[in-house]
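Worksheet: the structure to be examined is printed underneath.
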Amino acid sequence: MSANFVRGACPGLSAPMQTGDGLLVRLTPQGRIAVDAFLALCALARQHGNGIIEVTPRGNMQVRGLTPQSAPLFAATVTDLQIASTCGVPLITSPLDGPDALIDVGRLTTDIARALDDARLTLAPKVSVVIDGGSRLHLDDVSADIRLRAVMSTQGLRLHVALGGDARRATALGAIASNDAAEAAARLLAVIARRGAKARAADILAHDGLAPFRSAVADRLEPAPALPARSPAGPIGLQPLRDGKLARGIALAFGQADAEGLSRLASIAQEHGADALRPSPGRALLLLGLDEQGARSVAHEADRLGFITRADDPRRRVAACAGKPACASAWLATRAIAAVVAERLPRADGAITLHISGCPKGCAHPTSAALTIVGDARGAGIVRNASASATPLRYVDPEGLIAEIADIMQLHEVDHV
C-alpha cells in the first residue's frame, strides 16, 4: 500500500494520500449505508485514524489521520462492510431513490461497474461517470467525464449523454436506450483510455471535438439537444422516498465532523426509525427511513450537535479546505477562520460567496467565488471574483485576516457576504 502523495491521484482504500495529519482515504458510496454499517465506519475511523470524517462536495466520504500501519487494517475491514464502490472508475450516483426518479440507479450502476470491470481500462485517477436518475435531488453541479441522465423523450425513457464537465458546461453527445448504457459507458471511457493514462474527456473534446466519442457509440446513439437547466438541488431538509418514508438531509459544517458526533447522530436517527444513511453532493448526509415526527426530532438533535439543518445557514456559503495543520500544503488554519467568519454572516440561502483556501490549489472550491482568501508563503492573499489559483490583489498578515474580511463585509465590497 502506497502512502505517497501523487498530484492528480485519488486517495482510495488501496492508495491513501499523505496529508498533514496522516493518511487520508476517500470512499465512494455504492448506495444506501445501513445505520449499523455507518456506526462501524465511525468506530473504525476512531480506531485506525484520528476520528475525523468528511463529506466532499461530490458526495464522497473521507477518513483522516490513518497511519502506514493502520491504513491496511482499515481498508480490509471497510471492504467487508461493503459500503464503498470497488469499481476502479468513480461512479457518482443520485443519492436518493425518490418517487420522481425515472430509473433504478442502483441497478444501472451495477451494470456499468460490471462492464467497466470486464473492459479493464487504464484511466486517469480522476476520470469519473455521473449517473443521474432524473430526480429533483440531481447531480447537475457535479463535474464528470461522462454524464448519464435519465430523461423521458418521445421515444420513451432514455439516458442523455454529455461529456466533460458539469451539466452547464458539458457537451451534449446524444441519447441512448437504458439497456445500452453499460456498454456505451465502457466504449466512451475506452476512447479516453486510448489517449493515455492522463487523458480526460475535456482534453479530447478540445483537440478533436465530439467525433471520437460519436464514432464509438454510433450504432446506439440517438440525436438529443442539450438539456435545460434545473432548479438547484437542495439536500438539506425533508426529501420524499419511493416507499412513502422520508429522508432528512443535514450537512457537515465545512464538510467535516468528528466520528463521535456522527455516531451519536446516526444512533439518534436509528432510534427514530432511520434504517440507512447516504452521503450527498454538497457536503450533506441524508438520514433515510424516517416519518415526519422522527424527522423533526432528528433535525432538532442534529442542530444541537452542531450540524447544519437549514439551507440558509451561513456556514453553507463559506467553502474551506482542511487547512493547516491537517493539510501539509496549507498555509492557513482555514476552518478555524471560516467558523469565526460564518458567525458574522446573515442567514441566506445561496451559492458559495466566500472561499478560504489553505493554498492555491483550491481543493474545497475549484471555481470562482466573490471573495477568495488564499494562503501562500507571502501570507493571506485577497482574490476577487476568481478562483484560488488567481493572482491575489494584495496580501494581509494571517493574524489580521478576520478583521480584513470584516472590513470587506462592512464596506459591501462583496455582494451578499
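Before moving on, here are some points about what is shown:
- Label-reachable residues, the range 343-371, where backbone N falls under 20 Å from a point 7 Å from Ala403's Cα toward its Cβ: 343-345
- Size of electric dipole in the chain: Cβ of Lys, Arg +1 and of Asp, Glu -1, about Cα centre, debye, nearest 20: 740 debye
- Over the chain, dividing the summed -39,500 (n - 2.57) contributions of all DSSP H runs of at least 4 residues by the number of residues returns a 222 nm mean residue ellipticity of -8500 deg cm²/dmol.
- Extension gain (nm, one decimal) between Ala226 and Ala190, 0.36 nm per residue minus Cα-Cα: 10.6 nm
- Taking Phe74, Phe38 and counting other C-beta atoms within 10 Å, the order from fewest to most: Phe74, Phe38
- Within the range 198-214: backbone nitrogen closer than 12 Å to the Arg169 label point (7 Å, Cα to C-beta): 202-203
- Shape of the chain, Cα gyration tensor, a/c cut at 1.5: rounded
- Tally of Lys pairs whose C-alpha atoms are under 27 Å apart, taken over the chain, 8 or more apart or cross-chain: 5
- Anisotropy class of the range 315-410 from Cα gyration tensor, a/c 1.5 cut: rounded
- Taking the charge dipole of the range 96-216 about its Cα centre, with +1 at Lys and Arg Cβ atoms and -1 at Asp and Glu Cβ atoms, the residue from Leu102, Ala170, Ala193 reaching farthest to the positive side is Ala193.
- Sites matching trypsin sites (Lys or Arg not before Pro) across the range 361-407 that sit in DSSP coil, with at most 14 neighbouring C-beta atoms within 10 Å: Arg378
- In the range 315-410, taking the dipole from charged Cβ atoms about the Cα centre, the farthest positive-side position among Ala403, Ile382, Gly358 is held by Gly358.
- Contour excess over end-to-end distance, with Cα ends at Leu210 and Ala34 and 0.36 nm allotted per residue: 59.2 nm
- An oblate overall shape is assigned to the range 101-187, the ratio a/c of its alpha-carbon gyration tensor axes (a ≥ b ≥ c) being 1.5 or greater and a/b not exceeding b/c.
Every number in this text was worked out from the coordinates using simple rules, so none of it is lab data. Source: prediction; values computed, not measured. Glycine gets a Cβ as well: all are built from the backbone with ideal geometry, and neighbour counts include every protein chain shown.
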